[in-house]
Amino acid sequence: MAEPQFRTPKGTHDVLPEEQRYMTYIKKAVRHRARQAGYKRMDPPIFEDRRIFERGIGEHTDIVEKELFSVLGKRSEEQTDKSEFALRPEFTAGMCRSYIEHGMQQLPQPVELFAIGPCFRHDRPQKGRFRQFHQFDLEVIGLKDPSLDAQLIHVVTKIFADLRILDRLTLQINNIGTAENRTAFVQALKDFFIGKERNLPELDRERLTTNPLRLLDSKEEDTQVLLKGAPLFEQFLSDESKQYHATLLEYLDALGIAYVPNPHLVRGLDYYTQTVFEFWDQTTGAQNAVGGGGRYDGLIELLGGKPTPGVGFAGGMERIIWHMKEAGVQAPHKDQVDVFVAQLGPEAKKNCLLLISELREKGVHTVGALGEASLKSQMRLADKFEALFALLLGKMEVKRGTIILRDMKKGQQQEVPFDGIVDHVITLLGEKNLDTYTLRDQFAGPTDD
Ligand code: HAM
């Protein structure tokens, strides 16, 4: 085959129908759990005034310094070399801008919002790292209490449990203190490195001036060795922060949520205060976190609003899909046929009409061949529809008050009583793939967006 003339840009990919099934499945789980907990959906624009990201996420973070995709407005003579807009690298800053812009502080607090959609970071593409990727995002703005952090984490664990990947992940959690705690710590860190700068690799030497906290999760061995003697953040954590964290962990215990306290977890965005957390792959650890979040009590003020606390989380959908596939989780799609009903003879046909209607009414996706074809050709059709089960009703079965139930994958069949067949099929579907069956109905909605 000739090389195609055009391909997707580096770090981007088509979401083809097979992957789209997973996307839809995740969106449904997110919508279901978010709405259950009172979150309302919003969609901030895909590009925003770049200062929102610079101020919010932090000018010296990788995301802003290296990874923002600029969006040029209409070219004009006044156009400066710096573009005014950037594609959103995440949702939080834009949603906080929206909270201020639309006066959401007038609403009952906290305001709980969720968003789902593409984000853009000009990252070096590698496994699980793309330039266009999808996040689902949950934000709780307007009140501060460890019970809110706990509830948010609870909703996220419910989503991961619904998607059947929770047991592949660990929840890493830390408290990085208030802004004041961090200022004191940063000063101590800078003082500690006085005279030692020359032993730092160049990148970290630069970080020491721009963003010293980033040294803590440096991958450089020299830096890590030096850090062994450095002051520890715990020493600067205020009693209030410690108490806040202890209470949060108590709440997580009460909710039965497992976590790993991780004093090294700092996160790559500057807006965080106090609680930070990430969901890591149990085997690969920090690399390719499936999601992360935390508290950002100073962000709204940074963006020009009244001081307002907030806490939130975002999950990376491509990474979640990877986990679902690894775990063998099938993403159901709306078109899946659960049961194919085949019949022979006028009496059977009439009974099947009712049977099909009852199955559909109970949420079982059912196709019925009510023509005059032979049972053999009806079975071939059932195969083509990729139905999980076939129900066959012939003249003999009608007389005996039975029906033949065929497991299409196993190729096995048995004659069972006609009465109660609908419940019987529902039980079997549940055993075969509980997620497929219950999730599809539970999250049934008019759109896939
Ligand atoms: P984040 O840790 O930068 O946090 O991103 C959240 C998740 O998005 C990551 O854990 C990862 O799964 C996914 N992700 C990030 N970058 C990429 C990439 N280049 N390719 C594929 N997936 C990626 C935030 O974005 C914060 N806004 C989360 C938050 C919400 N904090 C408070 N509220």
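The values are calculated or read from the model by the stated rules, or taken from the named source; none is laboratory data. Just so you know, these numbers come straight off a predicted model, no measurement behind them. All Cβ positions, glycine included, derive from the backbone under ideal geometry; neighbour counts span all protein chains shown. The protein model used for the area step is the full one, side chains on, heavy atoms only, and it has no ligands, DNA or RNA in it. Shrake-Rupley method; radii C 1.70, N 1.55, O 1.52, S 1.80 Å.
Which net charge results when you count Lys and Arg as +1 and Asp and Glu as -1 among the other residues whose beta-carbon is under 10 Å from that of Asn211?
Computed value for this residue: -3.
Tell me the net charge near Gly304. Cut-off is 12 Å between Cβ atoms, Gly304 excluded, with +1 for each Lys or Arg and -1 for each Asp or Glu.
Summing Lys/Arg as +1 and Asp/Glu as -1 gives +1.
Tell me, what is the percent relative contact order of segment 375-422, built from C-alpha pairs under 8 Å that lie six or more residues apart?
In percent, rounded to a whole number, it is 28.
Identify, among Ile141, Ala188, Phe160, the residue whose Cα sits farthest towards the positive end of the charge dipole of segment 132-218, taking +1 on the Cβ of Lys and Arg and -1 on the Cβ of Asp and Glu, with the dipole about the Cα centre.
Ranked along the dipole, the leading option is Ala188.
Given the options Asn174, Asn351, Asn211, state which has the largest fluctuation in a GNM of the chain using a 10 Å cut-off (strictly under) for Cα springs.
Highest fluctuation among the options: Asn351.
About its Cα centre, how strong a charge dipole does segment 339-441 have in debye, to the nearest 20, once Lys and Arg get +1 and Asp and Glu get -1 at the Cβ?
360
With a sphere of radius 15 Å drawn around the Cβ of Leu252, what net charge do the other residues whose Cβ falls strictly inside it have (Lys, Arg +1; Asp, Glu -1)?
Result for the neighbourhood of Leu252: -3.
In degrees, nearest 10, range 0 to 90: what is the angle between the Cα axis of helix 179-193 and the longest Cα principal axis of the chain?
The answer is roughly 60 degrees.
With point charges of +1 on the Cβ of Lys and Arg and -1 on the Cβ of Asp and Glu, referenced to the Cα centre of the chain, which listed residue (Leu344, Pro201, Ile426) lies farthest in the positive direction of the dipole?
Of the listed residues, the answer is Leu344.
Are there trypsin sites (Lys or Arg not before Pro) in segment 1-52 that DSSP puts in a loop and that have at most 14 other Cβ atoms within 10 Å, and which ones?
Arg7, Lys10
Collect residues whose amide H, placed 1.01 Å from N in the peptide plane, falls under 5 Å from the amide H of Thr402; neighbours closer than 5 in sequence don't count.
Phe418
Starting from segment 157-247, pick out the trypsin sites (Lys or Arg not before Pro) whose DSSP state is loop and whose Cβ has at most 16 other Cβ atoms within 10 Å.
Lys196, Lys219, Lys228
Using a 1.4 Å probe on the protein chains only, how many percent of the accessible area of the chain belongs to carbon and sulfur?
52
Size of the dipole of segment 1-133 about the Cα centre, Lys and Arg at +1 and Asp and Glu at -1 on the beta carbon, nothing else charged, in debye to 20?
Charge dipole of segment 1-133: 640 debye, to the nearest 20.
Over the Cα atoms of the chain, what Rg and Dmax result, in angstrom?
Rg, Dmax (Cα atoms, Å): 27.5, 95.
How about segment 71-155: which GluC sites (Glu not before Pro) there are in a DSSP loop, with at most 11 other Cβ atoms within 10 Å of their Cβ?
Answer by residue number: Glu77, Glu78.
Rounded to the nearest 5, what % of the DSSP beta bridges within segment 339-441 are antiparallel ones?
Here the antiparallel bridges make up roughly 55 percent for segment 339-441.
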